[in-house]
1. Going by average Cβ neighbours within 10 Å, how do the peptides 527-540, 233-246 rank, with the highest at the top?
2. Before anything else, pin down the relative contact order of region 332-477: Cα pairs under 8 Å, at least 6 apart, normalised by residue count, whole percent.
3. Where nothing but the Cβ of Lys and Arg (+1) and of Asp and Glu (-1) is charged, how large is the charge dipole of region 542-619 around its Cα centre, in debye to the nearest 20?
4. Just the number, please: carbon plus sulfur as a percent of the accessible area of region 310-375, 1.4 Å probe, no ligands or DNA/RNA counted.
5. Identify, among Ala590, Phe313, Gly435, the residue whose Cα sits farthest towards the positive end of the charge dipole of the chain, taking +1 on the Cβ of Lys and Arg and -1 on the Cβ of Asp and Glu, with the dipole about the Cα centre.
6. Along the Cα-to-Cβ line of Ala475, 7 Å from the Cα, sits a label point; which residues in region 497-517 have backbone N less than 16 Å from it?
7. Measure off 7 Å from each Cα along the Cα-to-Cβ vector at Gln402 and Thr517, then give the distance between these two points in nanometres to one decimal.
8. Please list the non-local residues whose amide H lies under 5 Å from the amide H of Leu305, H modeled 1.01 Å from N, same-chain partners needing a gap of 5 or more.
Amino acid sequence: MPDPTARFTSEEPVIDWILQTVGRDLRVALPLGLGKPVTLVNALVRRACADPSIRLRIFTALTLERPAPDTDMARRFLTPDALDRLFGDYPQIEYARLLRDGTLPDNIKITEFFLQAPNWVKVPAAQQRYVSANYTHALDVLLDQRPNLVLQLLASDGAKLSLSCNTDITSDLLRLRKQGKAEFAFVGQVHPDLPFMPAPAEIAPADCAALLTQDAPPHALFSVAKQPVGPQDHAIALHASRLVRDGGTLQIGIGQIGDAIAHALILRQDKRIAPIWQNCPFPRADRFSEYGAFDIGLYGLTEMLVDGLLALFEKGIIRREVDGAAIHAGFFLDSHDFYKRLRALPPDERARIAMMPVSYTNSLLGDEGRKRAARQQARFINSAMMVTVLGAVTADGTEDGQVVSGVGGQFNFVDQAFALEGARAIITLPATRTGKSGLTSNIRFSYGHTTIPRHMRDIVVTEYGIADLRGKSDADTIAALIEIADSRFQNTLMEKAKAAGKLPHTYRLPDAARNNTPDALHKWLTPHRADALPDFPFGTDFTPIEKYLLPALADLKVANAHVPTLLSRMLQGLRGRPARMEEDALKRMALDRTDGIKARATQLALRGALRRQEKQAGA
């Protein structure tokens, strides 16, 4: 019987096949994140650039790019060798370069419903083509475009194929095609390093109209470089860990907060968390008192499978099974180590991680009774940029309309938390941020952009504690949020709320909430940093000297936006006590020998930041 799949070993013949088989009016669906077959997409975009008769429309999300250092300090740190070590030789996606350069030809249109933060802020072409949609609605938006071509990176195991990292929307697309409700050519590109995820992620080879299996060595999969987990992150995670019940359901996201929460739950399991709480200077709501080990275990339900969830699975904390799986997830994206560990799992263990469409993970629709029974005591934990004192959440954009990322699935999980018995939606954020205007509070009186409206306020966690907002009056909500705000901003928030008539003039801030300061935070956590609260709970690709540099570089990034702060760092570099690894750090940054005023000023600023960092750490 003839093979129904056209098979290729290089990109250009695939593009020829697409143009001959599908046509020159191409409406292309690309997976979010890791699942883009980059070299194939680049070949298609280059062909369309060279031939204006090709009409190319691409609908996708989360176009991944290696960082492009745009400052002298960033270029010194992210040398070509460091970029390859941290991110691999992941290719630049051609349409992203053209969008940013403003050179995308008129016959190519790119639409995304989620952006890689903050790459596309102030890029008009990307901002104007962005579509705001919940993750569960992205399929409907895509179907309205009538896609005739789907391109996806696949994993293989012998002759078997898997959607692997991206079942999120593709699973439903293939199902709808079988039902006669969609019509498109599915073209896959096999990547040998992509973990093979078994059923329900497995697909038949005949599902592919064409399949590219390259003879040439593959490019590296995109890797997320882990950032250090700081005291704020650890404090937020410690508070949030008290909300997670044994036998419950857990969703967390990527990044420092996700890593910190997973680590805090491991500390709970290992019975190492109690000593940390002994000297906590911040109030702890008595009703949230989950401190014990996980005897029953958790069930992982998430749109995004991340390193923290995998670590909890490996530790045996996530082990409560639903339909034979301890984790149901819609897509994955993380570090090279994460992909390696996923590939290394024994097949029977990997089968306990079921990759599903987001119509399953992010929604109760479809087999609702079984989903409700499975999603016991669910805790959906997501991060935000800001929260207003009335409980509205800003997580994806700014008040001038600039999209930083996208709503993604955050609204979906908040919605589930209100629909499920015993479930809670937990929003985490640091209490402050430092930018061009200096230090500001992330708990605002008001803000002109909303991701989650105030009527869906539930739980908010900062490094200073937990605010339980569900069912609370506006006045009680305002009070609860001010009590976990940074103390430098509490009076201003109270004054504004009272002036607006939203907080009684008789309200007084409790004494226990008046010490919400970075100094109090550091005094609490510094004694535990070395043995219990590491910077990288799940490892890193950074070298030891790079790890040492990261906090200082983060400090300088903030200082560069505020001239008085930058001058202060330079002064510390002239007068302060030398840091213990200062000379090695300067050598790594090629600042051990300087020529010229600018290089000398840069060296002084880095010296000052390193010395300040050691002083804060109590070194």
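1. Details: 527-540: 17.0, 233-246: 24.4.
Packing proxy ranking, top to bottom: 233-246, 527-540.
2. Working: 211 pairs, mean separation 34.7, N = 146.
Rounded, it is 24 percent for region 332-477.
3. Details: 15 positive and 8 negative charges, 39 e Å.
Computed about the Cα centre, the dipole is about 180 debye.
4. Roughly 55 percent, rounded to a whole number.
5. The residue sitting farthest along the positive end of the dipole is Gly435.
6. In region 497-517, the label zone of Ala475 (backbone N under 16 Å from the point 7 Å along Cα→Cβ) covers 497-510.
7. Once both label points are built, they end up 3.3 nm from each other.
8. Amide H neighbours of Leu305: Gly330, Phe331, Phe332, Leu333.
The values are calculated or read from the model by the stated rules, or taken from the named source; none is laboratory data. This is a predicted model, so every value here is computed, not measured. Cβ atoms come from the backbone with ideal geometry, glycine included; neighbour counts cover every protein chain shown. We work out accessible area using only protein heavy atoms, side chains counted, and drop any ligands, DNA or RNA first. Shrake-Rupley method; radii C 1.70, N 1.55, O 1.52, S 1.80 Å.
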